[in-house]
Amino acid sequence: MPGSPVIPAHVYLLPHNNSELERLNVQHQYLKKFVYDGKLIYDDEVTEKLRREGGRVLDNGTGTVAWAQELSQEVPKSVEIHGIDISPQNFPNKSNLTDNTFLHLGSVTELPAEWSDHFDLVNQRYLIVALLAPQWHTCASEILRVLKPGGCVQFVEREPGYVTPAEYGPAATWQEDVFEELYKMKGFNRRCALDLPATLEKAGFVDIRSERKLTPIGSRYGEGGEMGVIAYGGAMRNMGYAAIQSGLVASEEEFEERSSELHQEWEEEGAQIACRIVCARKPLVQ
Ligand SMILES: C[S@@+](CC[C@H](N)C(=O)[O-])C[C@H]1O[C@@H](n2cnc3c(N)ncnc32)[C@H](O)[C@@H]1O
């Protein structure tokens, strides 16, 4: 269409390697504890309905399939659990999947045509460096399409910046500046967590709720804070190549040095990152 933005098919900024696979699996347990209040499905009514009536669940951008696999152990076999991702590289072997888990290759911006009115719940987490700003609208419309009337969606995304006891240290300031610029250059929306309620409302969702959850970083917060170092420090490290390639950081040595300084600040001061868990429902009648 003339005038439409040209959107490259996949712009994902993180690698699909072993270090990322391990990081995502730690991050899954970390988010479950600090963002989902120890659960996989935030809204208890949705869990109860799935247990009572069965149904279908979709995990968008499923990655290592950690969330979907754990859910498959907690709901009856009558609940089908589907995961979709642009890459199968972090998928477990088929033999390790439960019988009611099904994996698909594809993009959340163009879900299979036959999935209209198909799912009771869609879970989508951490696509902040996967979707270009305008793609959030496409993705919200696609989720609305594939949900059954009355079906629910839950998103988890992080807010930009840190919550710190005092002012940011020099390394945190450096990191914020580099990533703010990198996201801008690449066309991502660093504020997607905050924009989600409006995006969902525009797509046609109702009963939209956004809750802010603080996630700890640094050993002063105990084991949870150490998981935070792995989750957030690892993501930063795995995006280092992109920061260097884009010219925002001079060299690998500079990136490593600044990352160690940031870890030192996290150890000394501690920090928290605010995440948003955003839940919404497809209206019964559209
Ligand atoms: C940061 S990981 C998060 C994985 C998982 N949601 C979790 O929380 O553990 C993002 C995942 O989204 C996938 N991804 C990126 N762009 C995508 C797209 N357009 N459609 C589907 N998956 C996508 C990546 O391949 C990666 O596995």
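The values are calculated or read from the model by the stated rules, or taken from the named source; none is laboratory data. All figures in this text were calculated on a predicted structure; none of them were measured in a lab. Backbone-built Cβ (ideal geometry, glycine too); neighbour counts: all protein chains shown. For the accessible areas, the whole protein counts, side chains as well, though only heavy atoms, and no ligand, DNA or RNA atoms are used. Shrake-Rupley method; radii C 1.70, N 1.55, O 1.52, S 1.80 Å.
For beta carbons closer than 7 Å, sequence separation of 6+ or different chains, a first residue in region 48-71 that is more than 18 Å from Val146 (Cα to Cα) and a second that is near the ligand (Cβ under 9 Å from one of its atoms) and part of a helix (DSSP H, G or I), the qualifying pairs are Gly63/Leu24; Thr64/Leu24; Thr64/Asn25; Ala66/Leu24; Ala66/Asn25; Ala66/His28; Trp67/His28.
Which members of region 193-212 meet the condition of being under 16 Å from Ile143 (Cα atoms) and in contact with a strand residue (DSSP E or B) (Cβ under 8 Å, 6 or more places away or on another chain)?
Filtering region 193-212 for residues under 16 Å from Ile143 (Cα atoms) gives 196-208.
Selection gives Leu196, Pro197, Leu200, Glu201, Phe205, Val206, Asp207, Ile208.
The numbered conditions (1) open to solvent by 60 Å² or more (accessible area, probe 1.4 Å); (2) within 14 Å of the ligand (Cβ to nearest atom); (3) in contact with a His (Cβ under 9 Å, 6 or more places away or on another chain) are all true for His82 except (1).
Count of region 22-68 residues, restricted to those that are within 13 Å of the ligand (Cβ to nearest atom), acidic (Asp, Glu) and surrounded by fewer than 22 Cβ atoms within 10 Å (Cβ to Cβ), is 1. Within region 198-213, being open to solvent by 50 Å² or more (accessible area, probe 1.4 Å) and among the charged types (D, E, K, R) holds for Glu201, Lys202, Asp207, Arg209, Glu211, Arg212.
Check region 273-286 and report whether any residue there is buried (at least 16 other Cβ atoms within 10 Å of the Cβ), at pLDDT 95 or above and under 19 Å from Pro170 (Cα atoms).
From region 273-286, those buried (at least 16 other Cβ atoms within 10 Å of the Cβ) are 273-282; that's our starting set.
Then keep just the ones that are at pLDDT 95 or above; that gives 273-282.
If we keep only those that are under 19 Å from Pro170 (Cα atoms) too, we end up with 273.
Looking for residues that are buried (at least 16 other Cβ atoms within 10 Å of the Cβ), at pLDDT 95 or above and under 19 Å from Pro170 (Cα atoms), one finds at least one in region 273-286, hence yes.
Residues that are within 30 Å of Ala280 (Cα to Cα) and either free of Cβ contacts under 8 Å to residues at least 12 places away in the same chain or crowded, with 19+ Cβ neighbours inside 10 Å (or both) within region 163-181 comprise just one, Phe179.
When Gly151 is tested against (1) among the small types (Gly, Ala, Ser); (2) open to solvent by 10 Å² or more (accessible area, probe 1.4 Å); (3) touching a residue at least 40 places away in the same chain (Cβ under 8 Å); (4) over 27 Å from Pro216 (Cβ atoms), just one condition goes unmet, and that condition is (2). For region 137-163, a residue qualifies if it is within 11 Å of the ligand (Cβ to nearest atom) and in contact with a helix residue (DSSP H, G or I) (Cβ under 8 Å, 6 or more places away or on another chain), and the qualifying residues are Phe155, Val156, Glu157, Arg158.
Could you go through region 150-168 and let me know if any residue there is assigned to a helix (DSSP H, G or I) and within 23 Å of Gln124 (Cα to Cα). Among the residues of region 150-168, not one is assigned to a helix (DSSP H, G or I) and within 23 Å of Gln124 (Cα to Cα), which makes the answer no. Taking Gly233, is it within 17 Å of the chain's Cα centre (by Cα), open to solvent by less than 20 Å² (accessible area, probe 1.4 Å) and under 27 Å from Gly38 (Cβ atoms)? Yes, satisfied.
A residue that is surrounded by 17 or more Cβ atoms within 10 Å (Cβ to Cβ), within 16 Å of the chain's Cα centre (by Cα) and assigned to a loop (DSSP other than H, G, I, E, B) occurs somewhere in region 113-126. Given the criteria open to solvent by 20 Å² or more (accessible area, probe 1.4 Å) and of a type in the set (D, E, K, R), does Glu157 qualify? No; evaluated as a whole, the condition is false for this residue.
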